1. Does G36 meet the test of being among the small types (G, A, S), at negative phi and at pLDDT below 90?
2. Restricting attention to segment 448-471, and to residues there that are out of contact with any Lys or Arg (no Cβ under 7 Å at 6 or more places or on another chain) and polar (S, T, N, Q), which single residue is farthest from V82 (Cα to Cα)?
3. Does segment 131-139 include one or more residues that are in contact (Cβ under 8 Å) with a residue 24 or more places away in the chain, in contact with a His (Cβ under 9 Å, 6 or more places away or on another chain) and not in a helix (DSSP H, G or I)?
4. Between a first residue in segment 102-124 that is within 15 Å of I69 (Cβ to Cβ) and a second residue that is among the polar types (S, T, N, Q) and assigned to a strand (DSSP E or B), which pairs have beta carbons less than 9 Å apart while being 6 or more apart in sequence or on different chains?
5. Regarding segment 20-38, can at least one residue be identified that is in contact with a Leu (Cβ under 8 Å, 6 or more places away or on another chain), outside any loop (DSSP other than H, G, I, E, B) and either of a type in the set (S, T, N, Q) or within 29 Å of A62 (Cβ to Cβ) (or both)?
6. Count, please, the residues in segment 215-243 that happen to be part of a strand (DSSP E or B), surrounded by fewer than 16 Cβ atoms within 10 Å (Cβ to Cβ) and either of a type outside the set (K, R) or under 20 Å from the mean Cα position of the chain (by Cα) (or both).
7. Checking A333 against (1) under 15 Å from R403 (Cβ atoms); (2) hydrophobic (A, V, I, L, M, F, W, C); (3) without any contact (Cβ under 8 Å) to a residue 60 or more places away in the chain, which single condition isn't satisfied?
8. For A307, only one of the following conditions fails: (1) in contact (Cβ under 8 Å) with a residue 24 or more places away in the chain; (2) assigned to a helix (DSSP H, G or I); (3) surrounded by 14 or more Cβ atoms within 10 Å (Cβ to Cβ). What is its number?
Amino acid sequence: MTTMVLEIPEELKVLEGPLNALVGEARRRLADAKRGRRIDYELFEQRVAERVAAIEVATHAATLAALDIDAERVLINDKLHVRVGRYPAPYRTRAGESSVERSLYRPAGERNAPAVDLVTLRSGAIGEGWLPGTARAMAHLLQQGTSREAEQTAQRLGQLPYSRSSFERVGHEVGARFGERRADIEEALIRAYEVPENAAAVSASLDRVSIPMEQEKPRGPGRPAKDAPKKSIERVFRMAYCGTVTLHDCEGEALHTIRYGCMPDGDPCRLVEAMASDVLAIRRQREDLAVVQLADGAHELWNLLEAQFDEESFGEMRQLIDFWHVLEKLSAAANVIYGEDAVRERGRWRLHLLNSSAAASDILDELRASGCEEKRVGDTCPVHDAITYLENHRDRMNYASARRRGLPIGSGAVEATCKSLAALRMKRPGARWKHETGEHILQLRALSLSDRWDQAMDLTLRPTPVYARVA
């Protein structure tokens, strides 16, 4: 048997026990394999992971301890601090909790100032000792699903052995930190954004989606019942906003999408302002990119887009109603007018819209001449609705011209964003949100779905530079 000698410095002596345990586990399984004994390999995998986790925790303990200064007086960023105590504290790594003894300091002469410790400051730990890599991973799991799902996923992976309440606290702490620096981070992200070489156009789209919100339920008249709760809560659905900025190739196909979200109590003007700012930054790289605005027929959405996307800043722009919303209106009208031939006539209208710049006006004349404007289907008048829709928006229905220039004509990116950003995460059965915590999850999820997660977390969790020495 070959004997290997591993030299471990005194500062890393804590690794001796975990390393021996890992080697011992491997030796026992090797001996069983040579003797032909049955090995429960899944159990062996689990034990190896536990031994490796112990090594990881011990490594962090030794390294974190080295970040501390054990002295009565220290200079932190050239400001004198006095030690007020020395105590052990837990620091949470991806592999588990590690206890580190460190000194607490307070600025000299400031008795009421909060105490600080160099281990937390220099490592960039957030909250109650959560290391930045741990916090980043936990926040990512929380934006993907509920805290219960995050806890279960972590258990199956053998990483992040923490409770669901810990996932809640850490995820929202990361979300709050991003919110505090959001403007600067988003500016840095768009400056670093690389426009695809084959991009030919950039589109901005806006839409709304309902989100279940928690609000206080008004108390009824009279005295409340004896066992009535002091504060009654009800679950109501309110409209949030989703936006997208999408790069398209010369055939109108999407290349990459940046996603944005805004809770019902948020400011949609700020959301559209951020979209407009990003489009301007993209066009500074590529002035040849055509700009397209896409939305459904809601006047509120167009008012928001037009307020931020002005011709003075963006030059000539193309405004288009989502093609599929138009077909939806026309489909209902065709069923009333043509009955069994509706499918054929819908196809004719569709081709006409795609290939003729005068299609919207021609179809509008056809709808008016049908004599079915007042014909009702249930509580609706489909032909009247289609006529009104075309009258209000036909200037934004020149799809033939857009197709000739290779521009997109559908707002599928923002429709999908409403589902992936908001509906899949925020509208779980029984879910209800408050504005602040909902905003945390919505913004973190937008970063993940926009492929901006790593860059944004690098900026969000970057520790403030700390220079410390013994006074």
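The values are calculated or read from the model by the stated rules, or taken from the named source; none is laboratory data. Because the structure is a prediction, the values reported are computed rather than measured. Positions of Cβ are generated from backbone atoms using ideal geometry, with glycine treated the same way; all protein chains shown enter the neighbour counts.
1. Numbers: among the small types (G, A, S): yes; at negative phi: no; at pLDDT below 90: yes.
Considered against the rule, which asks whether it is among the small types (G, A, S), at negative phi and at pLDDT below 90, G36 comes out as no.
2. S448
3. If we filter segment 131-139 for residues that are in contact (Cβ under 8 Å) with a residue 24 or more places away in the chain, which is where we start, we get 131-139.
Those still in the list that are in contact with a His (Cβ under 9 Å, 6 or more places away or on another chain) too: 131, 139.
If we keep only those that are not in a helix (DSSP H, G or I) too, we end up with 131.
Looking through segment 131-139, at least one residue is in contact (Cβ under 8 Å) with a residue 24 or more places away in the chain, in contact with a His (Cβ under 9 Å, 6 or more places away or on another chain) and not in a helix (DSSP H, G or I).
4. Close Cβ pairs (under 9 Å, with a partner that is among the polar types (S, T, N, Q) and assigned to a strand (DSSP E or B)) amount to D117/S103; L118/S103; V119/S103.
5. Of all residues in segment 20-38, those in contact with a Leu (Cβ under 8 Å, 6 or more places away or on another chain) come to none.
No, segment 20-38 has no match at all.
6. If we filter segment 215-243 for residues that are part of a strand (DSSP E or B), which is where we start, we get 215-216, 233-243.
Those still in the list that are surrounded by fewer than 16 Cβ atoms within 10 Å (Cβ to Cβ) too: 215-216, 233-239.
After this cut, where a residue has to be either of a type outside the set (K, R) or under 20 Å from the mean Cα position of the chain (by Cα) (or both) as well, the list is 215-216, 233-234, 236-239.
Summing the residues that are part of a strand (DSSP E or B), surrounded by fewer than 16 Cβ atoms within 10 Å (Cβ to Cβ) and either of a type outside the set (K, R) or under 20 Å from the mean Cα position of the chain (by Cα) (or both) in segment 215-243 gives 8.
7. (1)
8. (3)
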